[in-house]
Structures are given as C-alpha cells and as structure tokens.
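The values are calculated or read from the model by the stated rules, or taken from the named source; none is laboratory data. Every value quoted in this text rests on a predicted model; they were computed, and no experiment measured them. Positions of Cβ are generated from backbone atoms using ideal geometry, with glycine treated the same way; all protein chains shown enter the neighbour counts.
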Amino acid sequence: MDLGIAGRRAAVAGASSGLGLATARALAAEGVRVAIGARTADRLEAAAESIDGDVVAVVGDVGTPEGATAWARAAAEALGGVDILVPNAGGPPPGDFASTPLDAYAPALDLNLLSVVALCKELVPPMQARGWGRVAAITSVSVRQPLPYLILSNTARAGATGFLKTLALEVAGDGVTVNSVLPGSHDTDRIRQLHGGDTSGAAADIPVGALGRPEDFGQVVAFLCSDQARFITGAAVPVDGGAVRALL
C-alpha cells in the first residue's frame, strides 16, 4: 500500500536503536525524508547508515524539555520543516513504590512526559499553519495496564497520554492528527536489559507466544502517519500481541 507520504519530512526521536530505529526505517521506505535523533553521535551515525533512504542524523538529548526543544529545532532546520513527529525516549530506571525515592520522579517526568510536550510545542504549530501534520508518539502498554516494578514509567507515560489526547482534540480541525502507539514486549535491547539478558521467558504471558518484531511495530507507526489514517486521531493503539486484557 502506498501510504501517500512520500516527500514528507519526519523527525524521529530516540532512533539509534529499537522501536525508534524501526520506525525511521519504515518511514524512509515510504519515501519520507527522516531526521533521526539520539544522544550518542557514533551510534546515531551507524543507525543512519543502516537506513535505506533519505536520512540525516541530528544528535541531541530529548531527556529534558530544553534538550527536546533544541533537538526539534535542529531537526526542523536540517529538513526544512517537519510534517511528521515521532516522540520517543528510553524508559526511566525500574523500581516500585517502596524502592523509588521522591526525587526520582522529576527526571522521569522530564524524560517521558515533558519532553513530549516540548517536542509538540515546537513542531505542531507549523503543522497547523500548513494544514497537515502527524504526531505518533511511542509510549507503552503501561498506560492501559501498569507494569510491575516500572512505577516511574507508568506514571510519566500516563501523563503523556493525557496530554496527547487533549492536543489531538485541539488541533484536529487544522489537519493534524495526534496518536500514540503502545508497544508491549518487543525484541529490543530494552527488553533484554529488563530481563537480565535472558528473554527465554519474556513471551510467557503474551497470547501470540512470541516477542514482537520491531520492524512490524515500525509499520504500524508509519500507517498512523499516512494519508489514509487522516480519520484516526486521539487514539492510543496497543501493539502488544494481546498482552493487555482490558476491554478498552
């Protein structure tokens, strides 16, 4: 299927590996010009070289609102504007209520909530002015079903989901859609880290019986950025192999 976005310009944060990189590859395959971001220059350059398409590496740290704003501006300058924004960042440290100190919450909110707000504040208004735009944020299934021992991520990403839903309602009439994509367990470095390097039992509670493939996840994000997805906005789309049992 031709997604109708060839020639569009996309900024994909957290794209040196994992789901962010898979998303950048999927967009580039559709003829989208892509700016990918991450903190480490050599890893980001290696990621850029692995993408078949028109891609530019823009080094930056979106872990704070200030860093996210600076990276958004640099990506827009590199591309001559941004039509598609994919907010994405790694998760904060694991922990539960008892083990997580109060002062750990502010950095987690910066990383997984306020960075999303900052990226949107910088890049969405120009989309509104042009009458076309897509925001597809990578969050987590934890916003529908909190994950054990990830209290910081559960808290921050739930806030981001509330922000994105509100933003979607405010900009829908301007031709801009805003959605989030909720990954479950995929075969990424993050999952291997959380499981101590042994993912043999990581799919035990997934009905499809396997970890997700990052490349499949990237295709889902690309579709939400498509012309055909113009009537999908304010959605939080789970991509989890059926792991979340909630009805809605």
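Evaluate the following for Tyr105: is it out of contact with any Cys (no Cβ under 8 Å at 6 or more places or on another chain), at positive phi and aromatic (Phe, Trp, Tyr)?
no
Here are the criteria: (1) over 20 Å from Gln228 (Cα atoms); (2) in contact (Cβ under 8 Å) with a residue 24 or more places away in the chain. Tell me which single one Met1 does not satisfy.
Every listed condition holds for Met1 apart from (1).
Being without any contact (Cβ under 8 Å) to a residue 60 or more places away in the chain and assigned to a loop (DSSP other than H, G, I, E, B) is the filter; apply it to segment 87-103 and report the residue that is farthest from Ala13 (Cα to Cα).
Ala98
Taking the condition of being surrounded by fewer than 16 Cβ atoms within 10 Å (Cβ to Cβ), small (Gly, Ala, Ser) and free of Cβ contacts under 8 Å to residues at least 24 places away in the same chain, how many residues in segment 40-60 meet it?
1
Regarding segment 186-204, can at least one residue be identified that is under 18 Å from Pro87 (Cβ atoms), within 18 Å of the chain's Cα centre (by Cα) and surrounded by fewer than 21 Cβ atoms within 10 Å (Cβ to Cβ)?
Yes.
Please determine whether any residue of segment 62-84 is touching a Leu at 6+ places or on another chain (Cβ under 8 Å), among the hydrophobic types (A, V, I, L, M, F, W, C) and assigned to a strand (DSSP E or B).
Within segment 62-84, one or more residues are touching a Leu at 6+ places or on another chain (Cβ under 8 Å), among the hydrophobic types (A, V, I, L, M, F, W, C) and assigned to a strand (DSSP E or B).
Residues that are aliphatic (A, V, I, L, M), within 26 Å of Gly63 (Cβ to Cβ) and not in a helix (DSSP H, G or I): does segment 214-223 have at least one?
No, every residue in segment 214-223 fails to be aliphatic (A, V, I, L, M), within 26 Å of Gly63 (Cβ to Cβ) and not in a helix (DSSP H, G or I).
Looking only at residues in segment 47-75 that are of a type in the set (Asp, Glu) and more than 16 Å from the chain's Cα centre (by Cα), which one is farthest from Gly20 (Cα to Cα)?
Per the stated criteria, the residue is Glu66.
Among (1) more than 13 Å from Ala89 (Cβ to Cβ); (2) assigned to a loop (DSSP other than H, G, I, E, B); (3) not basic (Lys, Arg), which single condition is Ala46 missing?
(2)
Among Val86, Val59, Val55, which is the only one that is over 30 Å from Thr155 (Cα atoms) and at pLDDT 95 or above?
Being over 30 Å from Thr155 (Cα atoms) and at pLDDT 95 or above holds for just one of Val86, Val59, Val55, which is Val55.
Applying the selection to segment 168-189, what residues are in contact (Cβ under 8 Å) with a residue 40 or more places away in the chain, more than 19 Å from Ala136 (Cβ to Cβ) and not hydroxyl-bearing (Ser, Thr, Tyr)?
Asp189
What pairs come out if I take residues in segment 61-77 that are farther than 16 Å from Pro125 by Cα and touching a residue at least 12 places away in the same chain (Cβ under 8 Å) and pair them with residues that are in a helix (DSSP H, G or I) and of a type in the set (Phe, Trp, Tyr) whose C-beta lies under 9 Å away, six or more apart or interchain?
Hits for this filter: Asp61/Trp71; Val62/Trp71.
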